[in-house]
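The values are calculated or read from the model by the stated rules, or taken from the named source; none is laboratory data. Quick caveat, the model's predicted, so the values are computed rather than measured. Heads up, the Cβs are rebuilt from the backbone with ideal geometry, glycines too, and the neighbour counts pull from every protein chain shown.
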Amino acid sequence: MDDTTSVLFGLDDHRVLDVVRVGDRVVRVVIETIEREGACPACGVLSARVKERPLVRLRDLPASGQRVQLWCRRRRLACREPACPRLSFTQASAQVPARARLTARLRQELAAAIAGSNRAVADVAAEHGVSWHTAHKALVAAAARWLPEPTPTRVLGIDETRTRTVRWILEEAAGKRVWRRSDPWMTSFVDADPTRAGVLLGLAPGRSGSCVRAWLGEQSAAFRDAVELVVIDPSAPYASGIRAALPAARIAVDKWHLVRLANDMLTEVRQRVTREQHGHRGTLAQPVWVHRRMLLTAGDRLSARQRARLRAVLASDDPTGEIGAAWAVKERLRMLLTQTDRERIRDALWRFYDAAAAADMPETTRLATTIETWWPAILVALGADVTNARTEGFNRIIKQTKRVACGFRNMDNYQRRIMSHIALTRTRPAAAA
């Protein structure tokens, strides 16, 4: 067979011996390794003495839009070392390893098709004419190459995502059948250093301090020593786990989560005031309910027309002034979180506490207490100007992956599929190597 046919077929360590059409858009291709010698796996002695050349059926990718029935004439070589217990061995190559029934490029394509677009394993396996287990093994092997050990980072971001919906499971406990609430979560660890590209470093089951300690304990000492700052949402379990595993690292609270707490506080006040006046949380008849989204918008982003509408809403639907007071507390906190200068931070903090004290409501008092509890970590976030935005971005990808897959039953597959998808789509050149 002409060498140009071998070049077109694309297996560099093999040459094409024969090509025959056997059906509509189906061709039969026979190949053989170019190298005639091989090293014995037992003793390493090179041999070129052929014992037999059986034909072995292999699965391969389509060629030029045609399905390929690939046959490999594999040389079985006799070992030349008399003292070697292995009398013979089958010649292997990079594309066709020993005992392989698939080419290496087909395995790579199976793994990339599953992880790249989050297709079902069964769907990819059926397309390429292999079993589910074969396709899944290809993904597991590729994931081992795509997912190296986490690289050390100066800033570590931690956040959680829900792995499944809440379920009630009937179990046996102390001789009785009891219902147990299952609410599984997964914790994400992200390289949040703003000077580098964001990378999902790992996933751990749970959202407790113990899961943080366990994951960090699995990392190298160099990784733990490199972490100077950890960004989290206001989570006491995460904070306790970080202090135990990284005693020298500083903890910073993500500012977006604090603004969300303030918005939730304002929503609770609005709903309570509306219930006290009308007996329900609000309908289209109440302007404060119709414009509830505007209440949550940052004050400096409101147009003059919106500010006038806000004053009109508060004048008509806020007779006690509580909604307006809660809105002022929310705005004071938001302005505090934009400061970076120490003097301005101190002044903005006093104004926030003063507004919360003047409001004198359970909701605003609870928010002020939360800020006071987390103030050291908030001050770190303001001084270092760090956020958990990257972690939230990876959480979005994780949720999209779960939706496409309709969930994962196995936690190992959950982590492998998500990590592989992100490694393949976010760092494609490195992952494909």
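State whether one or more residues within segment 155-171 are within 27 Å of VAL231 (Cα to Cα) and small (Gly, Ala, Ser).
yes
Looking for whichever is loosely packed, with under 15 Cβ neighbours inside 10 Å, part of a strand (DSSP E or B) and outside the structural domain of ALA142 (by TED's automatic domain parsing) here; the options are ARG80, ARG57, ARG15, ARG67. Which one fits?
One residue alone meets the criteria, ARG57.
Test THR340 against the criterion of being within 23 Å of ILE251 (Cα to Cα), β-branched (Val, Ile, Thr) and assigned to a loop (DSSP other than H, G, I, E, B), and give yes or no.
Yes.
Go through ASP354, ASP385, ASP360 for me and flag whichever is within 30 Å of HIS291 (Cβ to Cβ), modelled with pLDDT under 95 and of a type outside the set (Val, Ile, Thr).
On inspection, the qualifying residue turns out to be ASP360.
Quick check, is TRP168 farther than 30 Å from ALA222 by Cα and either within 15 Å of the chain's Cα centre (by Cα) or of a type in the set (Phe, Trp, Tyr) (or both)?
yes
Name the single residue, out of those in segment 181-224 being charged (D, E, K, R) and free of Cβ contacts under 8 Å to residues at least 24 places away in the same chain, that is nearest to ALA248 (Cα to Cα).
Of the residues in segment 181-224, the ones charged (D, E, K, R) are 181, 183, 191, 193, 196, 207, 213, 218, 224.
Now restrict to residues that are free of Cβ contacts under 8 Å to residues at least 24 places away in the same chain: 181, 183, 218, 224.
On the way: ARG181: 36, ASP183: 32, GLU218: 18, ARG224: 10 Å.
Taking the candidates together, the pick is ARG224.
The rows are residues; the columns are (1) exposed (fewer than 15 other Cβ atoms within 10 Å of the Cβ); (2) in the same structural domain as ARG426 (by TED's automatic domain parsing); (3) under 30 Å from ASP233 (Cα atoms).
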| residue | (1), (2), (3) |
| --- | --- |
| ILE114 | no, no, no |
| ASN118 | no, no, yes |
| ASP123 | yes, no, no |
| HIS128 | no, no, no |
| TRP132 | yes, no, no |
| LYS137 | no, no, no |
| ALA142 | no, no, no |
| GLU160 | no, yes, yes |
| ARG164 | no, yes, yes |
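For (1) assigned by TED's automatic domain parsing to the domain that holds ASN410; (2) under 23 Å from the mean Cα position of the chain (by Cα), each residue gets a yes or a no:
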residue	(1), (2)
TRP179	yes, no
ASP193	yes, yes
GLY217	yes, yes
PRO237	yes, yes
THR267	no, no
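With the condition kept exactly as written, say whether any residue in segment 236-255 is in contact with a strand residue (DSSP E or B) (Cβ under 9 Å, 6 or more places away or on another chain) and aromatic (Phe, Trp, Tyr).
yes
Against the condition β-branched (Val, Ile, Thr) and either modelled with pLDDT under 90 or in a loop (DSSP other than H, G, I, E, B) (or both), how does VAL27 come out, does it pass?
Considered against the rule, which asks whether it is β-branched (Val, Ile, Thr) and either modelled with pLDDT under 90 or in a loop (DSSP other than H, G, I, E, B) (or both), VAL27 comes out as no.
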